[in-house]
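Asks: Before we start, here is the structure in question, set down as structure tokens.
The values are calculated or read from the model by the stated rules, or taken from the named source; none is laboratory data. Keep in mind that this is a model prediction, so the values were computed, not measured. Reconstructed Cβ throughout: ideal geometry from the backbone, glycine too, with neighbour counts over all protein chains shown.
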Amino acid sequence: MPFENKEGQRVPNVTFHTRKDNEWVDVTTDELFAGKTVVVFSLPGAFTPTCSSAHVPRYNQLIPAFKEHGVDDVLCVSVNDTFVMNEWQENQDAADIKFIPDGNGEFSEGMGMLVDKEQLGFGKRSWRYSMLVKDGVVQKMFIEADVDGDPFDVSDADTMLTYIASDAKVPSSVTVMSRKGCPFCAKAKEMLTESGYEYEELVMGRDYTDRSLRAMVGTSSVPQVFIDGDHIGGASELEAWLKA
């Protein structure tokens, strides 16, 4: 049966048991939500495929855009303990997202989102959803359809950002494939930085091989720059693209 939409209602009153600097620290929902505009996305489990490869990374990438449009905090909630959530946050390099351990499932249950995933050996977990919360009151919820499997269609970061600000400028996805000691690679990275582009760098011998590069672009020369799914090329092609 469909999940209940909690728009217009207050979030559950829950205390989360967290670990910070090797000490137990209790964090209440009031501390997390009172007087703030907060985006929450909740998911089935830390280190699971969709959660780790898509859900968390995109929210992490769009943090600046959320902040620019009035969001104070972005919370990732999962029915996992604080040790797992802390390790996952570090693994995801997501220091700007607050990872909230709903270890006993109290928050998820209060939201009506606690589901049985015993068939996977998970026990009780949260259904995948996202919500915009202002001063503790749910303003908008995006709940994944109640179908088999693990749907991921509406609780993503882009859907939430579009709801908050339809004209929000989304940062480009940029990758630079480089090699250590390559002056043209350094030039390409410098041009991207000067033009305001953040990028992910993949280094030959560490992140990919010469064979992989040839398979992708038909050459082993570097750098090779990709922006929003388009292959731009090397440093000279990037310079022309930036000037266009």
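Asks: Consider segment 116-130. How many of its residues are of a type in the set (A, V, I, L, M, F, W, C) and touching a residue at least 24 places away in the same chain (Cβ under 8 Å)?
Replies: Summing the residues that are of a type in the set (A, V, I, L, M, F, W, C) and touching a residue at least 24 places away in the same chain (Cβ under 8 Å) in segment 116-130 gives 2.
Asks: For the list (1) within 16 Å of the chain's Cα centre (by Cα); (2) part of a helix (DSSP H, G or I), I need the number of the one condition that residue 108 fails.
Replies: (1)
Asks: What number of residues within segment 171-210 are of a type in the set (Lys, Arg) and assigned to a loop (DSSP other than H, G, I, E, B)?
Replies: Number satisfying all stated conditions: 3.
Asks: Looking at 84, 138, 77 in this structure, which one is assigned to a strand (DSSP E or B), free of Cβ contacts under 8 Å to residues at least 60 places away in the same chain, β-branched (Val, Ile, Thr) and in the same structural domain as residue 36 (by TED's automatic domain parsing)?
Replies: Selected residue: 77, the only one of 84, 138, 77 that is assigned to a strand (DSSP E or B), free of Cβ contacts under 8 Å to residues at least 60 places away in the same chain, β-branched (Val, Ile, Thr) and in the same structural domain as residue 36 (by TED's automatic domain parsing).
Asks: Does residue 156 qualify as being in the same structural domain as residue 55 (by TED's automatic domain parsing), under 17 Å from the mean Cα position of the chain (by Cα) and either more than 27 Å from residue 33 (Cβ to Cβ) or not small (Gly, Ala, Ser) (or both)?
Replies: yes
Asks: Residue 147 fails exactly one of the following numbered conditions: (1) at pLDDT below 95; (2) surrounded by 14 or more Cβ atoms within 10 Å (Cβ to Cβ); (3) of a type in the set (A, V, I, L, M). What is the number of that condition?
Replies: Residue 147 satisfies every listed condition except (2).
Asks: Further, regarding this structure: Which count do you get for residues in segment 211-244 that are in contact with a helix residue (DSSP H, G or I) (Cβ under 7 Å, 6 or more places away or on another chain), closer than 15 Å to residue 201 by Cα and either in a loop (DSSP other than H, G, I, E, B) or not assigned by TED's automatic domain parsing to the domain that holds residue 179 (or both)?
Replies: Number satisfying all stated conditions: 3.
Asks: Any residue in segment 21-31 that is without any contact (Cβ under 8 Å) to a residue 40 or more places away in the chain and in a loop (DSSP other than H, G, I, E, B)?
Replies: So far as segment 21-31 goes, yes, one or more of its residues are without any contact (Cβ under 8 Å) to a residue 40 or more places away in the chain and in a loop (DSSP other than H, G, I, E, B).
Asks: While we're on this one: From the list 95, 65, pick out the single residue that is free of Cβ contacts under 8 Å to residues at least 12 places away in the same chain, in the same structural domain as residue 31 (by TED's automatic domain parsing), surrounded by fewer than 19 Cβ atoms within 10 Å (Cβ to Cβ) and out of contact with any Cys (no Cβ under 6 Å at 6 or more places or on another chain).
Replies: Answer to the selection: 95.
Asks: For residues that are at pLDDT below 95 and surrounded by fewer than 18 Cβ atoms within 10 Å (Cβ to Cβ), scanning just segment 175-198, find the one that is nearest to residue 57 (Cα to Cα).
Replies: 198
Asks: In the list 7, 90, which residue meets the criterion of being surrounded by fewer than 16 Cβ atoms within 10 Å (Cβ to Cβ) and in contact (Cβ under 8 Å) with a residue 24 or more places away in the chain?
Replies: None of the others qualify; the one that does is 7.
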